[in-house]
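Before any comments, here is the structure.
We did not get these values from a lab; they are worked out from the coordinates using the rules stated. Just so it is clear, the structure is predicted and the values come from calculations on it, not from any experiment. Reconstructed Cβ throughout: ideal geometry from the backbone, glycine too, with neighbour counts over all protein chains shown.
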């Protein structure tokens, strides 16, 4: 993994430490094809990522822009959005940077969490990210075996579903097979209607420096990404039923210390 990370990073920055420091400074993450290229064995990733996708909260965009400009990147395109590319609601802008050799796309989250849009994307195959310290995979029992479940939200609620279908076709071309939720109930215990948390035991956290699996406490997650927890549901038709349908949902639990009531502060004194 470290070797893969080094090879990918050197296309965009002089050192891996430059990228990781940038992520740490802005509570940002890297997601997209780059993460799969690091997670999966080399013989299963003959393709190369086209660019680098960095996700950041709207509160940190200005600082991230300054850091990228210090590394020789300039803004070449900026696009404000009302909904994300797959019908998601947590993307407020996409800002493209270039150093005239490589491109970096900065996906701006409308929430306090850079990762919010990732759990609204087309399938479980891309619900992965890299922080300054760790690599996270939301569905390791599927992703590491080149399996994926569709996220029902983009498929049903994006106008015409064109971009979602194109994305699913792209990852099918990279070896991912779509599986029905009911087909994996017994084997993995997963269900698309099961609420998931970024801190639960079904996800995989791998420490970059030690290259071993770790579990993050709520306090460690806050130090790493600036929020308390994130809960999501893929949604879709209820397994074994014909009619009931659940919309894909993503719920962020934030730090509210800045609005702590005065009476509570007095009680602590």
Query raised in the report: Between residue 79 and residue 66, what length in nm is gained on full extension when 0.36 nm per residue of separation is reduced by their alpha carbon distance?
Result: 2.9 nm
**Report entry** Inter-probe distance in nm under a simple model that places probes 7 Å from Cα toward Cβ, at residue 246 and residue 146
**Finding:** 3.0 nm
Query raised in the report: So how do 13-20, 173-180 stack up, highest first, on mean other-Cβ count within 10 Å?
Result: 13-20, 173-180
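To the nearest µm²/s, what D does Stokes-Einstein give for the chain at 37 °C and 0.692 mPa s, using the Kirkwood radius over alpha carbon pairs as Rh?
Estimated via Stokes-Einstein, D reaches 170 µm²/s.
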Report summary line: Over the chain, the sum of -39500 (n - 2.57) across DSSP H runs of at least four, divided by residue number and rounded to 500 deg cm²/dmol, gives at 222 nm -7500 deg cm²/dmol
Report summary line: Exposure-ranked with fewest Cβ neighbours within 10 Å first, 26, 70, 92 stand as 70, 92, 26
Query raised in the report: Listed highest first by mean packing, meaning other Cβ atoms within 10 Å per residue, what order do 31-44, 120-133, 239-252 come in?
Result: 120-133, 31-44, 239-252
Query raised in the report: What spacing in nm lies between the two simple spin-label points modelled at residue 172 and residue 7, each 7 Å away from Cα in the Cβ direction?
Result: 2.8 nm
Report task. Tell me the label-point distance for the pair residue 96, residue 215, using the 7 Å Cα-to-Cβ offset, in nm and rounded to one decimal. Result -> 4.4 nm
